[in-house]
Amino acid sequence: MEKIVIKGGHRLEGQLPISGAKNAALPLMCAGLLAKDGLTLHNLPHLADIKTLASLLTELGSTISYDEEGWDIGSGQTVTIAASHIASTTAPYDMVRKMRASILVLGPLLAREGEAIVSLPGGCAIGNRPIDLHLKAFEDIGATIELKDGYVRASGKLTGGTVHFPIVSVGATENILMAACLADGITIIENAAKEPEITDLATCLVAMGAKISGIGTSRLEVEGVNELHAAEYTVMPDRIEAGSYTVAAAMTGGELELLGDNLPYVMTGTLEILKQAGLVFTETERGLLTRLGPEKIIGINAVTQPFPGFPTDMQAQLMAMMTLCDGASVITETIFENRFMHVPELCRMGADITVNGSTATIRGIEKLLGAPVMATDLRASMSLVLAGLAAEGVTEVKRIYHLDRGYERLVQKLGSCGAKISREKDNDI
């Protein structure tokens, strides 16, 4: 086991390249199963989740090739997924349990092979995230679904139809969108998620020969085709990573230029809330310049919502920042019911936070104090790193394997901007 050790109180300044988005890259990799002659993805981040999914795709029969020539801290990897032959339509428990996004192979396998057997997924412990919406959607376009022995067994020829999601679901929208590309007839997806990662997936599918209209809206229409073909596509920048480093700049009184395409759009909900907290943003030729305007962070009220609202994946990081606000802040979590597990760890560092159901009240304090803390999930881990950057003294963040799932070269990136941060062996675990 390893830990991250941070000596707080150092101002962050400089340029910081934003990696390709994990939440876009994973469904794009699954889309590679839909084409026989290969999908090449550029700007894929170096993350544990990417490796996990690549292993699963290989298990299913895909050939994965990497081109990392010239790689540095500011560029991702290029990966080609060639699924000329599907060797297996079963995604086993031992692989799927490691990462919830593995459920996204269900749609492509079912659409291409007429059957798919996928273990019920695992992932971060941030609450109950059932896949009922996925399964009902597949039934709406012709699939037969059976749950047996911890596996989803889907079969049948997809015929198209109308799918109406009772609540917005990013994963379910992605799964049914991929499946619909090879269905007979037309599929209409109503109340579809509008996250930028959905737009990224749909745009890539069109490049592969899919017929999709309504991209970027809550109503998608997909006309099925017989097959998809080879394509190249560049993964969008990670809006959650960008938001996290924006918070880092504010908490340390620093100034960072985040390098990435289209950041103001993909970060819409995050920027609105952060502006209310006093952060100032300036668009540059290469990205977005971010800093804190007033002397202290301004207390705010924030509610997590689907895009274009404030994203649940930024809730923990915002809470870390609000521990240092002037006055009090209220954050309400509406997406996941168990996403306040970082609160006790922040309180170990001196934070004043009270949780009542889905609402957290944060009363600002003068300073955080370094302490040993334990990460519980990906975004909670980042909130503790952010707190450590601003805290007085030394903070040790344990169980950092969560961070490896979603933040590429975190220590190197922060270190390049002035943070005193290192990755060390943890002899206590």
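What follows is calculated from the coordinates using simple rules that are stated; it is not laboratory data. Note that the coordinates shown come from a computational prediction; the quantities given were computed from them, not determined experimentally. FYI the Cβ positions are ideal-geometry reconstructions off the backbone, even for glycines, and counts take in every protein chain you see.
Data for the structure
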{"item": "Dipole magnitude of the chain about its Cα centre (Cβ charges: Lys, Arg +1; Asp, Glu -1), debye to nearest 20", "result": "820 debye"}
{"item": "Degrees between helix 239-251 axis and first principal axis of the chain (Cα, 0 to 90, nearest 10)", "result": "0 degrees"}
{"item": "Under 17 Å from K3, Cα to Cα: aspartates and glutamates that are on another chain or at least 8 residues apart", "result": "E345, D377, E396, D404, E408, E424, D426, D428"}
{"item": "Antiparallel DSSP beta bridges within the chain, percent to nearest 5", "result": "70 percent"}
{"item": "Fully extended contour minus Cα-Cα distance, from H229 to E283, at 0.36 nm per residue", "result": "15.8 nm"}
{"item": "Calculated log₁₀ intensity ratio I(q)/I(0) where the Debye formula runs over C-alpha points of the range 22-234, q = 0.12, 0.15 Å⁻¹", "result": "-0.54, -0.88"}
{"item": "Cα-projected label distance for Y265 with K420, points at 7 Å along beta-carbon direction, nm", "result": "4.2 nm"}
{"item": "Percent antiparallel among DSSP beta bridges (both partners in the range 300-429, rounded to 5)", "result": "55 percent"}
{"item": "Cα-based Lys pair tally, the range 22-234, threshold under 22 Å, eight or more apart or on separate chains", "result": "14"}
{"item": "Cβ-derived FRET efficiency at R0 25 Å, I167 paired with E146, nearest 0.05", "result": "0.55"}
{"item": "Over the chain: helical MRE at 222 nm, DSSP H runs n ≥ 4 each giving -39500 (n - 2.57), nearest 500", "result": "-8500 deg cm²/dmol"}
{"item": "Q412 paired with R153, simple spin-label distance in nm, labels 7 Å along Cα-to-beta-carbon", "result": "4.6 nm"}
{"item": "Contour excess over end-to-end distance, with Cα ends at N427 and E272 and 0.36 nm allotted per residue", "result": "51.6 nm"}
{"item": "Folded to 0 to 90 degrees: helix 196-207 orientation relative to the chain principal axis, Cα", "result": "30 degrees"}
{"item": "Label point at Y401 placed 7 Å out along Cα→Cβ; residues across the range 348-388 whose backbone nitrogen lies under 14 Å", "result": "375-378"}
{"item": "Fewest-first ranking of M267, M382, using other Cβ atoms within 10 Å as the exposure measure", "result": "M267, M382"}
{"item": "Residues K148, K157, sorted so that the one with the fewest Cβ neighbours within 10 Å comes first", "result": "K148, K157"}
{"item": "Approximate spin-label separation E337-T217, in nm, with each point projected 7 Å along Cα-to-Cβ", "result": "3.5 nm"}
{"item": "Relative exposure of S381, S102, S119, S416, judged by other C-beta atoms within 10 Å (fewest first)", "result": "S416, S119, S102, S381"}
{"item": "On Cα atoms only, tilt of 170-180 relative to the major axis of the chain in degrees", "result": "20 degrees"}
